[in-house]
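K.L.:
Sharing a structure here in structure tokens format.
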Amino acid sequence: MFPYPSGQLHMGHVRCYTLADVINRYRRLKGFNVMQPMGWDAFGLPAENAAIKNGIPPARWTHDNIAYMRGQMQRLGFGIDWSREFATCDPEYYHWEQWLFLKLYEKGMVYRKNATVNWDPVDQTVLANEQVVDGRGWRSDAPVERREMAQWFLKITAYAEELLTELDNMDGWPESVKSMQRNWIGRSEGVEIDFPVLNAEGAKDENDAVLTVFTTRPDTLLGATYVAVAPQHPLALAAAERNPEVAAFLEQCNQSTTAEADMATLEKAGMATDAFVEHPLTGERLPVWVANFVLMEYGSGAVMSVPGHDQRDWEFARKYDIDIVQVIAPVDDTPCDLEAEAFTAPGQLVNSGDFDGLTSAEAFAAIAQALAERSRGRRITNYRLRDWGVSRQRYWGCPIPMIHCDKCGVVPVPEQDLPVVLPTEVEFEGVRSPLVTMESFLHVACPQCGGDARRETDTFDTFMESSWYYARFTSPDANTPMVDERVNYWAPVDHYVGGIEHAILHLLYARFYYKLMRDEGLVPGDEPFNRLLMLGMVLQDGKKMSKSAGDAGDPQKLLDKYGADTVRTAMMFAAPPDQSFEWSEAGLEGALRFLKKLWSQVQEHVAGGTAPALDVAALTEAGSSLRRKAYTTLAKADDDYGRRIQFNTVVSSVMELVNAISKCEPGNDADRSAVQEALQIAVLVISPVAPHITHQLWQVLGGTDALVTSRWPAMDDTALTQASIEMVVQVNGKVRGKIEVPADADQAVILDLAKASENVHRHLQDKTVRKEIVVPNKLVNLVVS
RNA sequence: GCCCAGGUGGUGAAAUUGGUAGACACGCUGGUUUUAGGUACCAGUGAUAGAGAUAUCGUGUCGGUUCGAGUCCGACCCUGGGCACCA
């Protein structure tokens, strides 16, 4: 995941890009053609904030930051193909984003509707959520108001089903991320039910107006004693016009905050209206209430309320003295006392006329059927996922390529006029976007009638740019829409590495966007990222890493003090990739010590002169046991790098190998060739983690080519064979001794050796052996009593 | 409330397929080298008892399966993350 150019790298970046670089360098050693690109998620609010604070134009601030951070990355030795670098604020990049938006507009995948924004009444501008602190504007300190504005939306809900079901096939993604996305999409199956609206005389409305609700529990329909609508529902608004008390209540609801966390803790409140609806099956008259807990955004903004079998409805009914009717009875011994609480489990229907006796599941189908026959209901699937609002009332973003004409309405910018370039020479006057007052940008001829028109001044949500940049890396200079045919060689991304904080929004939008591009015939496959490595967070004092961290959290200070290899090694050794951990400087000393030790072992070895060619037959025990260790390490590292993606254990196993090398006392000249081989393996295996020192050591060890062009060593299984094996002996499952057995010993021999072993013999005295278990090459367990 | 991931020494952690729990490091203790400190090297380091050999206990808690459980099963506790008046 490419970074936001905030100014400097933090340890979270170091971890992310080191992990990616280790994968990159390992795969190159294995002979793969690897593209490791880098770019900059360059649009966004911090650049504007810096401009407002320091008077530096966002473009310059951003480019300065990019230059500095690029230098830091180069110093860390990341094997990046800088020829593919771009920033999302380059017009050559966002040009194609505007292009796709227009294509989607033609297709009907884009629409405009009103949505709520945070309005700062003093600064007269829209605020981003981050700019609202405790309900007040970050600069004006004025209480923020809710305001409705026309905004652009992308129909992500049209892809909800595919985005959900595809998750089941994504084996390369961690379960936790898939689970988070499933929750976010929030699919629920139910029935949409129409309640005919009654007029003041109690008769059906002459236009056959209906109030539509969504429920996942149609089996409880006969227990509905009222319906409740959201404060923003048309029925509520109509009632407010007739009754000032209702109007006052709606006003009160609208004043409360938009933050969802606060909504949940809000006390349930409601008010009866003078409206009534007719029960679609019984014909009974049900009152319509306005309730503050009904959300206009979900379903149809109205619910049927069944206080007997929904806890929330139960509490509401209790508070306002509405009838509670039981229509579901437990089928097992689940307690059911409607005086105390609602009975929410499925069960068997009662008080439901023809449906009595059916189970909840049977009744679901039967009632849905009955409603369908009367044209009063239909089975539907509802999603929690909302369409993606992409308009931002901000300056530093990609201009939305639309024109507003008084005569023609909203007119898209013609394709040949793209890109709509964002002016970069700007000055901020206060908080407002400079675009709003910039005539040279605003004024434009209407593409349809040629008359005076004005440009859209909103820009795209920056998640738009980060939804497709990875595809652009395949053809960063393409002059055709978005990408060119090179995308078919590279895409989809084999291995995507990034922080857990992007588990939902970025990764869901990117998946959606990829499908949009696929449906334009631009990219191969259905999903953008085959394998996802979700990093845990790097914490400092229990908090997420940020610029504010101390010296131990400043990569620049650490690079100056320890060098890139040590920082990289310490970072990889600290914890497995998916785990969050507290960063501390403590690990650096250990990593430095290890690299120094590797260095001195190589120097010491070559000081002894050239080792002869390897002659396995001539090795002493010291030499062949070192060889065994070297090849065990090689096999484990291969598995850890390639399959397990766990690099802390690669570092520790190379540490073991280096320890073994330093302890090895060559018995003859042939053993020195085993040391040579072991050092070469150690250097190669750790090189993805510590590329600089190993580059040098590789040459010292006689490498003729540069290490980066070398290949991962071939496995030699014969090095693993050994004449005798140590086995553990247990008595009743407890370790009582260890024995050396010949590698080819049969069970009888092993058991004899085991029983003869001194401590084991003691534990067998006066006991009868009931069972003998031999696990080849591992252990013997004698069950006695 | 629902979903996901975790819980192992003083610390970061390892144990991949049910087979020696604590590899590898950090830290600490003692020693060698050094005028001293640091570095480097050597030894020790889960708890308890013991001079030691060794024994007992020990992977959140309780129970189960198994010759054998950190690993599998059941119930529960705790931590972190996600979703949530979602009808």
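The values are calculated or read from the model by the stated rules, or taken from the named source; none is laboratory data. Since the structure is predicted, the reported quantities are computational estimates derived from the model, not experimental observations. Cβ atoms come from the backbone with ideal geometry, glycine included; neighbour counts cover every protein chain shown. Areas reflect the complete protein model, heavy atoms only, side chains present, ligands, DNA and RNA absent. Shrake-Rupley method; radii C 1.70, N 1.55, O 1.52, S 1.80 Å.
K.L.:
Before we move on, is A:Ser440 in a helix (DSSP H, G or I) and open to solvent by 30 Å² or more (accessible area, probe 1.4 Å)?
P.N.:
Against the criterion (in a helix (DSSP H, G or I) and open to solvent by 30 Å² or more (accessible area, probe 1.4 Å)), A:Ser440 qualifies.
K.L.:
Could you list all residues from region A:147-186 that are of a type in the set (D, E, K, R), outside any helix (DSSP H, G or I) and more than 16 Å from RNA strand B (Cβ to nearest atom)?
P.N.:
A:Arg147, A:Glu148, A:Lys155
K.L.:
Let me ask something else. Would you check which residues across region A:269-292 are under 44 Å from the mean Cα position of the chain (by Cα) and either within 13 Å of RNA strand B (Cβ to nearest atom) or open to solvent by 30 Å² or more (accessible area, probe 1.4 Å) (or both) and list them?
P.N.:
Selection gives A:Ala269, A:Gly270, A:Met271, A:Ala272, A:Trp289, A:Val290, A:Ala291, A:Asn292.
K.L.:
In region A:550-604, which residue that is within 7 Å of RNA strand B (Cβ to nearest atom) and assigned to a loop (DSSP other than H, G, I, E, B) is most open to solvent (accessible area, probe 1.4 Å)?
P.N.:
It comes out as A:Gln579.
K.L.:
When only residues in region A:636-648 that are in contact (Cβ under 8 Å) with a residue 24 or more places away in the chain and over 23 Å from the mean Cα position of the chain (by Cα) count, which is most open to solvent (accessible area, probe 1.4 Å)?
P.N.:
A:Asp638
K.L.:
Can you pull out every residue in region A:655-682 that is under 26 Å from A:Leu29 (Cα atoms), among the hydrophobic types (A, V, I, L, M, F, W, C) and in contact (Cβ under 8 Å) with a residue 40 or more places away in the chain?
P.N.:
Once the filter is applied, which keeps residues that are under 26 Å from A:Leu29 (Cα atoms), among the hydrophobic types (A, V, I, L, M, F, W, C) and in contact (Cβ under 8 Å) with a residue 40 or more places away in the chain, region A:655-682 yields A:Met655, A:Val658, A:Ile661, A:Ala674, A:Val675, A:Ala678, A:Leu679, A:Ile681, A:Ala682.
K.L.:
Checking the condition over 25 Å from A:Pro58 (Cβ atoms) and open to solvent by 10 Å² or more (accessible area, probe 1.4 Å), which residue from A:Cys446, A:Cys408 passes?
P.N.:
A:Cys408
K.L.:
I want to confirm something. Restricting to region A:187-196 and keeping residues that are open to solvent by 20 Å² or more (accessible area, probe 1.4 Å) and not acidic (Asp, Glu), which single residue is nearest to RNA strand B (Cβ to nearest atom)?
P.N.:
A:Ser188
K.L.:
Could you tell me which numbered condition A:Phe2 fails, if it satisfies all but one of (1) open to solvent by 20 Å² or more (accessible area, probe 1.4 Å); (2) not in a loop (DSSP other than H, G, I, E, B)?
P.N.:
Failing condition for A:Phe2: (2).
K.L.:
Given (1) open to solvent by 30 Å² or more (accessible area, probe 1.4 Å); (2) more than 13 Å from RNA strand B (Cβ to nearest atom); (3) modelled with pLDDT of 90 or more; (4) over 30 Å from A:Val606 (Cα atoms), identify the lone condition not met by A:Trp698.
P.N.:
For A:Trp698, the failing item is (4).
K.L.:
Are any of the residues in region A:64-80 open to solvent by less than 30 Å² (accessible area, probe 1.4 Å), closer than 30 Å to A:Val410 by Cβ and out of contact with any helix residue (DSSP H, G or I) (no Cβ under 8 Å at 6 or more places or on another chain)?
P.N.:
Scanning region A:64-80 turns up no residue that is open to solvent by less than 30 Å² (accessible area, probe 1.4 Å), closer than 30 Å to A:Val410 by Cβ and out of contact with any helix residue (DSSP H, G or I) (no Cβ under 8 Å at 6 or more places or on another chain).
K.L.:
Residue by residue through region A:449-463, note down the ones that are surrounded by 15 or more Cβ atoms within 10 Å (Cβ to Cβ), over 38 Å from the mean Cα position of the chain (by Cα) and charged (D, E, K, R).
P.N.:
Hit for region A:449-463 is A:Arg454, nothing else.
K.L.:
OK, next. Within region A:293-311, is even one residue at pLDDT 90 or above, within 15 Å of RNA strand B (Cβ to nearest atom), charged (D, E, K, R) and within 25 Å of A:Phe355 (Cα to Cα)?
P.N.:
yes
K.L.:
Another question, if that's okay. Which residues, counting only those in region A:764-785, are more than 53 Å from the chain's Cα centre (by Cα), modelled with pLDDT under 90 and within 11 Å of RNA strand B (Cβ to nearest atom)?
P.N.:
A:Ser785
K.L.:
Can you report the number of residues in region A:703-742 which are of a type in the set (Lys, Arg) and more than 15 Å from RNA strand B (Cβ to nearest atom)?
P.N.:
Here the count works out to 1.
K.L.:
Run down A:Ala317, A:Ala275 and say which single residue is touching a Pro at 6+ places or on another chain (Cβ under 7 Å) and in contact (Cβ under 8 Å) with a residue 24 or more places away in the chain.
P.N.:
A:Ala317
K.L.:
Take the residues of region A:293-324 that are assigned to a loop (DSSP other than H, G, I, E, B) and open to solvent by 50 Å² or more (accessible area, probe 1.4 Å): which is nearest to A:Gly186 (Cα to Cα)?
P.N.:
A:Tyr298
K.L.:
Right, next: Does any residue of region A:742-757 turn out to be assigned to a strand (DSSP E or B) and touching a strand residue (DSSP E or B) at 6+ places or on another chain (Cβ under 7 Å)?
P.N.:
yes
K.L.:
Checking A:Arg394 against (1) open to solvent by less than 40 Å² (accessible area, probe 1.4 Å); (2) assigned to a strand (DSSP E or B); (3) away from RNA strand B (no atom under 16 Å from the Cβ), which single condition isn't satisfied?
P.N.:
Only one criterion is unmet by A:Arg394, namely (2).
K.L.:
Further question on the same structure: When A:Asn648 is evaluated against the numbered criteria (1) among the polar types (S, T, N, Q); (2) near RNA strand B (Cβ under 8 Å from one of its atoms); (3) over 29 Å from A:Leu533 (Cα atoms), which criterion, by number, is the only one it fails?
P.N.:
(3)
K.L.:
Also, I was wondering about something else. Test of understanding: among A:Ala160, A:Ala142, which residue is under 20 Å from the mean Cα position of the chain (by Cα) and either basic (Lys, Arg) or open to solvent by less than 30 Å² (accessible area, probe 1.4 Å) (or both)?
P.N.:
Going through A:Ala160, A:Ala142 in turn, just one is under 20 Å from the mean Cα position of the chain (by Cα) and either basic (Lys, Arg) or open to solvent by less than 30 Å² (accessible area, probe 1.4 Å) (or both): A:Ala160.
K.L.:
Here is a follow-up. Mind checking which residues of region A:517-531 are touching a strand residue (DSSP E or B) at 6+ places or on another chain (Cβ under 8 Å), outside any loop (DSSP other than H, G, I, E, B) and open to solvent by less than 10 Å² (accessible area, probe 1.4 Å)?
P.N.:
A:Phe529
K.L.:
Which of (1) assigned to a helix (DSSP H, G or I); (2) under 27 Å from the mean Cα position of the chain (by Cα) is the odd one out, the single condition A:Ala115 does not satisfy?
P.N.:
(1)
Here is a yes/no grid of residues against (1) touching a residue at least 60 places away in the same chain (Cβ under 8 Å); (2) open to solvent by 40 Å² or more (accessible area, probe 1.4 Å):
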site: A:Val331; (1), (2): no, yes
site: A:Pro335; (1), (2): no, yes
site: A:Glu339; (1), (2): no, yes
site: A:Ala342; (1), (2): no, no
site: A:Pro346; (1), (2): yes, yes
site: A:Asn351; (1), (2): yes, yes
site: A:Ala365; (1), (2): no, yes
site: A:Ala368; (1), (2): yes, no
site: A:Leu371; (1), (2): yes, no
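K.L.:
Also: Of all residues in region A:713-745 being open to solvent by less than 30 Å² (accessible area, probe 1.4 Å) and among the hydrophobic types (A, V, I, L, M, F, W, C), which is nearest to A:Ala607 (Cα to Cα)?
P.N.:
A:Ala719
K.L.:
Then there's this: Quick one: which residue in A:Thr620, A:Thr610 is within 21 Å of A:His695 (Cα to Cα) and surrounded by fewer than 18 Cβ atoms within 10 Å (Cβ to Cβ)?
P.N.:
Matching residue, one of A:Thr620, A:Thr610: A:Thr610.
K.L.:
In region A:379-391, what count of residues is obtained for those that are over 13 Å from A:Gly299 (Cα atoms) and within 9 Å of RNA strand B (Cβ to nearest atom)?
P.N.:
Qualifying residue count, region A:379-391: 0.
K.L.:
Sticking with this one: So which of A:Ser6, A:Ser83 is more than 25 Å from A:Val685 (Cα to Cα), modelled with pLDDT of 95 or more, over 20 Å from the mean Cα position of the chain (by Cα) and small (Gly, Ala, Ser)?
P.N.:
A:Ser83
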